[in-house]
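Structure record follows, encoded as structure tokens.
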Amino acid sequence: MILFRRSSVSAALLFIVLAVASCASATTVLPTPTLSPTAPARATMPSVATLGPLPTATAEARATRAATVDGVAQRMTAPTSTPAEGGPLLRTLKVGHPRLLLTDARLEGLKALHETDETLQRFVRDVARQADDHAGQPMLQRELIGPRLLHISRAALQRVYTLAFMYRWTGEARYADKAIENLRAVCAFSDWNPSHFLDVAEMTHAVGIGYDWLYDYMDVATRDEIRTALIRHGLEPGLVAYRTHWFPHNEYNWNQVCNGGLVVGALAVAETDPRYADDIIAGAIESLPRALASYAPDGVWMEGPSYWHYATSYTAYSLAALQTALGTDFGLSDAPGLAATGYFPIFASGPNSLYLNFADAGSKSRRGPMGCMFWLAQRYGDANLADAEHEMLKLGRASVEHVIWYVPPSGNYYRPAELDRLFRGDVPVAVLRGGWGDRRALFVGIKGGFNQVNHGHLDLGSFELDALGQRWALDLGSDDYNLLGYWDGVVGGQRWSYYRLNSQSHNVPLINDRDQRVVGVAREMRLTHKVHDVGVVIDLSDAYRGMAESLGRGVALVGGRRAVLVQDEITLAQPADVAWGMTTEAEIKLLADGSAELTLQGEKMRALALSPAGAALSVESAEQEPPQLRNRGVRRLMVRLSAVSGDVRIAVLLSPVWPDGRVVTDAALIPLGEW
């Protein structure tokens, strides 16, 4: 049951909050956490002493995956601010504004650093250009796309952050005036679309930040206007949502976004309307651990790398807001896996920054600059994460978050020592590569998990492959979220009739052309260097239950990490048609020996069916008819076996034609159990 009323905070939590608050210091800055001896080595953070207070909490043992309110409370760090009226959770509320994310002390530290730090100067110029662009845009209207107002909420968020920040940085009233004009426009909406609660959460976040950052600039009447709308359209629906909505019990991005937006909004008005902050913070510290547990143990995000950014950004917003406003995040940032999660987008992106693109991500989603990487670097004292983000920012534009959580570059180019990594979790992911820092290097990733995961597809065991600067094996990504039945993901649901979401488009085995089981699970994945350069083995038997007695897949780098072997081992109780498929944008030329030559942007790859003997490759179209996305020019490279039974092995070698002309043409076929 989610806590939503002040009176429902447990007696244990009340006692602990009061005890911790009694020893709080208004000037305490907590130390950077010490790395556990068992944790991966991380680079030392550069000195940030000149930046003003950087709120952090002492790292403690991360012994349990499933946190509870009492467990969170027991790990609470000492709050550091002056008491305010309200319940025990607000006893350490920072007096005055601004109190959210970017305090005045932090701002002054950044300005001092800005005088000599050319990187920070460039970031501020980036934000200034964005603010100037936003200032020239027409006012936002309450216009829905399908059932969503989300695009308007996000536009408001971007405008308020950039415009309000530039006012605080420059003191120029034109920025504040335009931010307030935008705030008043969205506050005049009839509502913020509570039927799709993400819209409410993101708009509450936007208005909360604007109210807090521009508090001293606004006159009393404007403050009251914005505060009243924030409560009516955001916080009041939020209290209802903690009682009636499913997001507080959810393990996915909705949890962090809804909790985070409401926390920011409630803390913005906590001194005048403390009951909202009391109730919302109590609900959030019970609800958030459900989603934060999804990072355990290695930092993978179940909804894929694209949704990692969304979920982790809101993790940062909510925990940073709690820390700056109350002096504590109630131990939430000690959640297992959160300290390591910044490495997930680094490893899960290929040599050209294309993600291992599983779940409802856009086609060929690409890693770009993400401000939450700096928050992770700050919170966990990990300069590698900051340096990796600085590399991305050489090719992209900085955001306000990059400035407020700024970490100076260490001067090192972060290149992981390991080429391969297995991210354990409910949706395990393994990534293998030929090298770092080479945009033409070989890269392959494979995912497991469970098909009922939020935003999931029927894609257990699917892989993607990069080489020679191209993506050869492709996941098509999401379709239109507004398609009829797109979210009907039950067994027999309409979601699975859509090509991009079912098994037919994914790089997985097919038996009698049937999809994987909608409730299929494949969490057993292991990384091995035993027989090939490197390999990963996953048990897919549950995904094909009722179709095969067992099914395992191995993916390996072979030939000195110059080629990829995909080896499937299937045991059939009765004769069946079995297919191996790979989706690609490459032109495919079938050769007389049964192999194929793939050509993409002038580069070439050979595909050879090594097993069973005599198997030949074929080509099929992946194009579809509207209202689905068309997939024009996309093909399926196939191996099809008819009426086979017993033990069946399909092994396909995918061998790039490297500049030296050498092509790997063979690989040892060893039973997966011996890998």
(request) Collect the residues in segment 584-619 that are of a type in the set (Asp, Glu) and touching a Phe, Trp or Tyr at 6+ places or on another chain (Cβ under 6 Å), keeping them in residue-number order. (result) none
(request) Determine whether SER645 is open to solvent by less than 30 Å² (accessible area, probe 1.4 Å) and either at pLDDT below 95 or polar (S, T, N, Q) (or both). (result) no
(message) Among the listed residues ARG553, ARG561, identify the single one that is assigned to a loop (DSSP other than H, G, I, E, B) and crowded, with 18+ Cβ neighbours inside 10 Å.
(response) ARG561
(request) Go through segment 425-449 and count every residue that is surrounded by 19 or more Cβ atoms within 10 Å (Cβ to Cβ) and under 23 Å from ALA293 (Cα atoms). (result) 10
(request) For ARG397, work out the one condition from (1) open to solvent by 20 Å² or more (accessible area, probe 1.4 Å); (2) in a loop (DSSP other than H, G, I, E, B); (3) over 20 Å from VAL127 (Cα atoms); (4) in contact with a helix residue (DSSP H, G or I) (Cβ under 9 Å, 6 or more places away or on another chain) it doesn't fulfil. (result) (3)
(request) Could you check how many residues of segment 156-210 are part of a helix (DSSP H, G or I) and in contact with a strand residue (DSSP E or B) (Cβ under 7 Å, 6 or more places away or on another chain)? (result) 1
(message) So for segment 346-362 (the condition being surrounded by fewer than 24 Cβ atoms within 10 Å (Cβ to Cβ) and either over 30 Å from ASN631 (Cβ atoms) or of a type in the set (Val, Ile, Thr) (or both)), does at least one residue qualify?
(response) yes
(message) Consider segment 304-323. How many of its residues are surrounded by fewer than 24 Cβ atoms within 10 Å (Cβ to Cβ) and either touching a His at 6+ places or on another chain (Cβ under 8 Å) or more than 20 Å from ASP199 (Cβ to Cβ) (or both)?
(response) 1
(message) Just to check your reading of the model, which residue among ALA622, ALA616 is in contact with a Gly (Cβ under 6 Å, 6 or more places away or on another chain) and closer than 25 Å to ARG471 by Cα?
(response) ALA616
(request) Collect the residues in segment 236-245 that are among the hydroxyl-bearing types (Ser, Thr, Tyr) and either outside any helix (DSSP H, G or I) or open to solvent by less than 10 Å² (accessible area, probe 1.4 Å) (or both), keeping them in residue-number order. (result) TYR242
(request) For segment 400-424, name all the residues that are under 20 Å from the mean Cα position of the chain (by Cα) and open to solvent by 20 Å² or more (accessible area, probe 1.4 Å). (result) GLU401, ARG421, LEU422, ARG424
(request) Could you pull out the residue among LEU476, LEU465 that is outside any strand (DSSP E or B), open to solvent by less than 10 Å² (accessible area, probe 1.4 Å) and at pLDDT 95 or above? (result) LEU476
(request) Please tell me if TYR211 is in contact (Cβ under 8 Å) with a residue 12 or more places away in the chain, of a type in the set (Phe, Trp, Tyr) and surrounded by fewer than 20 Cβ atoms within 10 Å (Cβ to Cβ). (result) no
(request) Identify, from the list LEU140, LEU198, the residue that is hydrophobic (A, V, I, L, M, F, W, C), within 21 Å of ALA266 (Cβ to Cβ) and touching a helix residue (DSSP H, G or I) at 6+ places or on another chain (Cβ under 7 Å). (result) LEU198
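Any residue that is touching a Phe, Trp or Tyr at 6+ places or on another chain (Cβ under 9 Å) and surrounded by 13 or more Cβ atoms within 10 Å (Cβ to Cβ) - is there at least one of those in segment 665-674?
No, segment 665-674 has no match at all.
Given the options VAL644, VAL639, name the one that is of a type in the set (A, V, I, L, M, F, W, C) and in contact with a Phe, Trp or Tyr (Cβ under 9 Å, 6 or more places away or on another chain).
Working: VAL644 fails: in contact with a Phe, Trp or Tyr (Cβ under 9 Å, 6 or more places away or on another chain).
Going through VAL644, VAL639 in turn, just one is of a type in the set (A, V, I, L, M, F, W, C) and in contact with a Phe, Trp or Tyr (Cβ under 9 Å, 6 or more places away or on another chain): VAL639.
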(message) Just checking, does segment 166-175 include any residue being under 23 Å from the mean Cα position of the chain (by Cα) and either at positive phi or crowded, with 20+ Cβ neighbours inside 10 Å (or both)?
(response) no
(message) Taking the conditions exactly as written (out of contact with any Pro (no Cβ under 7 Å at 6 or more places or on another chain) and either aliphatic (A, V, I, L, M) or over 25 Å from LEU393 (Cβ atoms) (or both)), does ARG495 satisfy them or not?
(response) yes
(request) Please indicate, with yes or no, whether at least one residue in segment 533-543 is in contact with a helix residue (DSSP H, G or I) (Cβ under 6 Å, 6 or more places away or on another chain), on the phi < 0 side of the Ramachandran plot and at pLDDT 95 or above. (result) yes
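When the residues of segment 501-521 are filtered to those that are hydrophobic (A, V, I, L, M, F, W, C) and assigned to a loop (DSSP other than H, G, I, E, B), which remaining residue is surrounded by the most Cβ atoms within 10 Å (Cβ to Cβ)?
The extreme case among them is LEU501.
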(request) Could you grab me the full set of residues in segment 246-299 that are open to solvent by 10 Å² or more (accessible area, probe 1.4 Å), under 22 Å from HIS455 (Cβ atoms) and part of a loop (DSSP other than H, G, I, E, B)? (result) TRP246, ASN250, GLU251, TYR252, PRO297, ASP298
(message) ALA592 - would you say it is of a type in the set (Gly, Ala, Ser), in contact with a strand residue (DSSP E or B) (Cβ under 9 Å, 6 or more places away or on another chain), surrounded by fewer than 16 Cβ atoms within 10 Å (Cβ to Cβ) and at pLDDT 95 or above?
(response) no
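From ALA270, ALA206, ALA229, ALA201, grab the single residue that is within 16 Å of ALA325 (Cβ to Cβ) and in contact (Cβ under 8 Å) with a residue 40 or more places away in the chain.
ALA270
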(message) Can you list residue pairs whose Cβ atoms sit under 8 Å apart, with the first residue in segment 98-113 being hydroxyl-bearing (Ser, Thr, Tyr) and the second being open to solvent by 10 Å² or more (accessible area, probe 1.4 Å) and assigned to a helix (DSSP H, G or I)? Count only pairs 6 or more apart in sequence or on different chains.
(response) THR103/THR324
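If you go through segment 614-623 one residue at a time, do you hit one that is open to solvent by 50 Å² or more (accessible area, probe 1.4 Å), touching a Lys or Arg at 6+ places or on another chain (Cβ under 7 Å) and either assigned to a loop (DSSP other than H, G, I, E, B) or within 25 Å of ASP438 (Cβ to Cβ) (or both)?
Filtering segment 614-623 down to residues open to solvent by 50 Å² or more (accessible area, probe 1.4 Å) leaves 614, 616, 619-621, 623.
Subset that is touching a Lys or Arg at 6+ places or on another chain (Cβ under 7 Å): 619-621, 623.
Now narrow it down to the ones that are either assigned to a loop (DSSP other than H, G, I, E, B) or within 25 Å of ASP438 (Cβ to Cβ) (or both): 623.
Yes, because at least one residue in segment 614-623 is open to solvent by 50 Å² or more (accessible area, probe 1.4 Å), touching a Lys or Arg at 6+ places or on another chain (Cβ under 7 Å) and either assigned to a loop (DSSP other than H, G, I, E, B) or within 25 Å of ASP438 (Cβ to Cβ) (or both).
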(request) Examine segment 595-610 for a residue that is hydroxyl-bearing (Ser, Thr, Tyr), closer than 23 Å to ARG553 by Cα and either open to solvent by 10 Å² or more (accessible area, probe 1.4 Å) or in a loop (DSSP other than H, G, I, E, B) (or both), and state whether such a residue exists. (result) yes
(message) Just to be sure before I move on: is GLU118 loosely packed, with under 13 Cβ neighbours inside 10 Å and farther than 26 Å from ALA386 by Cβ in the structure I sent?
(response) no
(message) I want to confirm something. Restricting to segment 522-538 and keeping residues that are assigned to a loop (DSSP other than H, G, I, E, B) and open to solvent by 30 Å² or more (accessible area, probe 1.4 Å), which single residue is nearest to ARG561 (Cα to Cα)?
(response) ASP533
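The values are calculated or read from the model by the stated rules, or taken from the named source; none is laboratory data. Small disclaimer: the values here were computed from a predicted structure and weren't measured. Neighbour counts run over all protein chains shown; Cβ positions are idealised from the backbone, glycine included. Remember, those area values only see protein heavy atoms, side chains included, never the ligands or the DNA or RNA. Shrake-Rupley method; radii C 1.70, N 1.55, O 1.52, S 1.80 Å.
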